[in-house]
1. Would you call C:Tyr54 in a helix (DSSP H, G or I), modelled with pLDDT of 90 or more and surrounded by fewer than 21 Cβ atoms within 10 Å (Cβ to Cβ)?
2. Looking at the range C:83-108, which of its residues are at the interface with another protein chain (Cβ under 7 Å from one of its Cβ atoms), within 16 Å of B:Tyr16 (Cα to Cα) and part of a helix (DSSP H, G or I)?
3. What number of residues within the range C:109-139 satisfy the criterion of being among the hydrophobic types (A, V, I, L, M, F, W, C) and in contact with a Ser or Thr (Cβ under 8 Å, 6 or more places away or on another chain)?
4. So, A:Gly283, is that one modelled with pLDDT of 95 or more, surrounded by 18 or more Cβ atoms within 10 Å (Cβ to Cβ) and within 21 Å of A:Asn380 (Cα to Cα) or not?
5. Considering the range C:11-45 alone, what residues qualify as being within 30 Å of the chain's Cα centre (by Cα), among the aromatic types (Phe, Trp, Tyr) and either within 14 Å of chain A (Cβ to nearest Cβ) or farther than 27 Å from A:Met290 by Cβ (or both)?
6. Does the range B:100-108 contain at least one residue that is more than 20 Å from C:Ile251 (Cβ to Cβ), at the interface with another protein chain (Cβ under 7 Å from one of its Cβ atoms) and modelled with pLDDT of 85 or more?
7. So which of C:Phe228, C:Phe240 is under 15 Å from C:Trp26 (Cα atoms), within 14 Å of chain A (Cβ to nearest Cβ) and in contact with a helix residue (DSSP H, G or I) (Cβ under 9 Å, 6 or more places away or on another chain)?
Amino acid sequence: MRTSIRSGVMVVAVLFTACGGPSASPQSPQASQTQQQSATPQAQQVNLTMMTSYGPNQSRGVVLQKVVDEFNKSHEGKIRLSLEINPDHPGMVAKIRTMIAAGRPPDIFHYNLNPNDLAIPQSGQLMDFAPSMDASWKSRFSADDLALFTFDGKLVSLPWQQSPALFYYNKALFKQAGISQFPSTWSELLKACDAFKAKGVACVSLFTQNDAWHTSNALTYVAACLGGLDLFSKPDWNASAVADSFAVVKQLFAYGTADAVGANYDVSSKGFLLGKTAIVIDGPWAIDPMNKAFTNSEIAVARAPSCDAAKAPAGFITTDAPSPMAAGKPANKAHADAVVEWFKYFTSEPVANRFAVEGSQPTAFKQNVKAQDVDPLFANYLAVSANVPGKAISVQRVLRPSAQTALPAILEALALGKVTPAEAAKRLHDSNTK
Amino acid sequence: MASHGHRRLATGAAPYGWLYLLPALAFTVVFFVVPLLFVLGVSPMQWDGISAFQFAGLRNYIALMEDSAFSTAFTNTLLWIAVGLFVHLPLALLVALLLSKRPAGWRVFRTALFVPSIISTTALALLWYFIFNPDFGLVSALLALIPLEGLQGLRLLADPTTALWATQLPYVIYLGFPMMVFLTQISAIPEEYFEAARIDGAHDWQMDLHVTIPLVKPAIIVNSLFVVTYNLRLFEYPFIMTDGGPANASINLSLYIYKTMLQSFDYGGAMAASAATIAAGLVIVGLMFTVARRLPGDTR
Amino acid sequence: MKRMVRPRSAVFLVALLLVSLAPFLWLLLSSFKSALELYQHPFALPSRWSADNYVTAFAQQPMIAYLRNSLLAAIGSTVLAVAMAALASYSLLGRLRMPSWLAGFLTFGIFLPTSAFIVPYYFIVNWAGLYDSVLGLIVVYAGVSLPLAFLIVKTYMDTVPRQLLDAASIDGAGFNGTFWRVVLPLSGPGLATACIFLVIVGWNELLLASLLTGTKAAQTVQVGIRSFLEAYHADYPVAFAAIIVAVLPIIAIYLLLSRYIVSGISQGAVKYE
């Protein structure tokens, strides 16, 4: 025993020295920055780290990595950008917040803008892009988007994405149920659900875990139709519109799969991919998996159904949160220049087009692609989301964080009949205003 | 416990004896005392993890008491601990007793029963999430074989009355850890004790009850403490299997803290909940030690 | 020492065995399926046994680096924590007449929900310059597991009879000598138990590993597995392949060490007399 303890101590000593070597990384990016800069007066390579949650599992993650690689190649010796991939999105957000709280914001990152939680853009630790915004760069973006990310006259984030959430539907299942056209109103859609039920097919893919994304989209489409596009931005929600939309969602759960309550995104999506449900309301990242699962273009994208006494213009869409990119306050001018260099490259038209062609991802900076250049389903998607009269952001994305946490429980209680739609609406409203 | 011999030793003993204690003391201060002060310091604050601290007094604690999810989380955590102490551990002891008799193939059993403890809890939770799925899960497939109407289409994870027990089932079954601890302790009991008891005419189960169990008291204590601390921290099972649902039916304190901090960005509230969790843990362990002192067994 | 086991106990054991091995088998089977097939037939044999998922796992993530980091973090932190625990337990055996609250002080950390400590831990690790380093993980894991290690080791070390300690010092062993030659060997079961717990806890830890690392220089295999479980882009079969890859080294270590553990224990038992 004694010898093994002694050898244990020696192992620890070896480990310490081994780990003190090459595997011990340098300190946080900004510290190593200043080290590099102060080394010699001539131009040193600027090292930047970009935090992202898009890994190689999704097409936009693949495109991002390729774009970064090409940027590094064309800036060899001058700028080097490395991706730090945190696939767990809440984990990444927590890390970013912790880093900002510690006064060491990430060099570059992206996040979701929530009008009810502006801590990140208002932290005062983000780089201001306004001084570098020349006319040609500005023309890449829409004025509305730029205004959205301007706080106290400072442009602290750059638009990147605001992905529409659209109605994908399975044409084969529709045909099998005897429905020739995608429903144009919500009451027609519910009738269609009846027809699907008769064929043993569930209607809309829903889930309740985590952010209940699919369900939130359905809820938002109905609520915005009944109560107006800016329904959830008013402090006092139009109570009846929200209650009515919860009632529709409750019916959708009744027409849904047996595992919808308690399901996560993957179970819900796979339900659609396996033909268990006829409709799913999702973003563009769903296109790749659909292409892999369906081989005969059985999937199409449709315009959202309208409603009686609609308060929103026909053809409006629901979208994901605006997801801008931001940069931590740079340590020095070389760092700032490198960051701007990267962003100008990233928001250029060739790169934007790559996201469309290779990633089936729309970007907030202008893309210039023709329908035949992109995936057919994505072309369909773009056609439905182009030139729309209005947008509503999916409700889950604009709630206060505490209400975001409460939403799954409210949806589950609604689906299980533990609360009435009116009570559910009230609970959500209360948790959003406490 | 000092004897004369002790005092003579102590004086010459070791001025550097403190050095033995120092590393552990230093680590405890850095990794527990400092963060604990942080937690207690932040719990009366309103903080979202980025912006400035705002003093909120007792508001976070009051909000906790008014939050039905917190009281459910509290009760559920107590239930988890109870299941751990009164179902999981006795089962593990039973298995250890059986295996300590070295039946044929006992080594295989010991390794095989231990393997699930090595597979990360995330994987086990995912597995059971699939097993309980009402559409394609194993439980549904098995129940379909029983021609009883009431057993069909059960949504064990989506039913508020069964969700908690469903999330606890894998925990109860995978008892490799405590079993190993018991086995380790049992094999350290010298043969003579068993010989003496056998000579006195004791049967197997009598030996188990009167010889083995009292002698494994250190293992019982260690396992019990591990059960309490593990269940105070455990969150993969409810997180992955039900996300604390349905409607917070299966949430526990650890998941509540996680959600409050990393989803609601209510760090003050999470710290207040942490303080409550710590207090609960201390009370429970205090109770355990009081009970342990009263029980028969070999302990100093 | 082979004794007979009653038939109903045998049935119980076999049933428990099947249920315990089932997850491993299921993970293994599933790792050869595609994601869609997993959902269609989760409990059937794969229609086509392809190692695609394993290839993908290794291609998309530096699994070898992750395995190395996990091994170093788990074993390093265990050795460090158990060593500190053994030293501290010995100093509190009563010979130095330390204040009695010290044992409680070293143990109370066991109740603290370490998930609430991520902010201070992050600050501390960064301030010490240990962000994204295996050494940082070793130190933090050792700190976090110290109360448990101390508790286990102390519980077992306390059972060493006083007479042996006195006998050793009468023989002139001194403070250090008694530790190395008498107390430590006799605490074998305690050290072994503590090591079992800590290695596995360190191997399976995810929250702190995600927070305190950023690149393959220090990320562990649990972080790697998580990367296949993105919320909107989970690929369960690939994650399962990664989990199988992550489990095998631990099983190997356990099998190798189980001989040492058992012999160490019986040594301690013999010395007991």
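1. Against the criterion (in a helix (DSSP H, G or I), modelled with pLDDT of 90 or more and surrounded by fewer than 21 Cβ atoms within 10 Å (Cβ to Cβ)), C:Tyr54 qualifies.
2. C:Met84, C:Leu87, C:Ala88, C:Tyr90, C:Ser91
3. Counting residues in the range C:109-139 that are among the hydrophobic types (A, V, I, L, M, F, W, C) and in contact with a Ser or Thr (Cβ under 8 Å, 6 or more places away or on another chain) gives 10.
4. When the stated conditions are applied, A:Gly283 passes them.
5. Across the range C:11-45, the qualifying residues are C:Phe12, C:Phe24, C:Trp26.
6. no
7. Just one listed residue meets the conditions, C:Phe240.
Residue by residue, here is whether (1) within 11 Å of another protein chain (Cβ to nearest Cβ); (2) modelled with pLDDT of 85 or more; (3) crowded, with 18+ Cβ neighbours inside 10 Å holds:
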| site | (1), (2), (3) |
| --- | --- |
| A:Val9 | yes, no, no |
| A:Leu15 | yes, no, yes |
| A:Ala18 | yes, no, no |
| A:Ser25 | yes, no, yes |
| A:Pro29 | yes, no, yes |
| A:Tyr54 | yes, yes, yes |
| A:Lys66 | no, yes, no |
| A:Gly91 | yes, no, yes |
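The values are calculated or read from the model by the stated rules, or taken from the named source; none is laboratory data. Small disclaimer: the values here were computed from a predicted structure and weren't measured. Cβ coordinates were reconstructed from backbone atoms using ideal geometry, including for glycine residues, and neighbour counts include every protein chain displayed.
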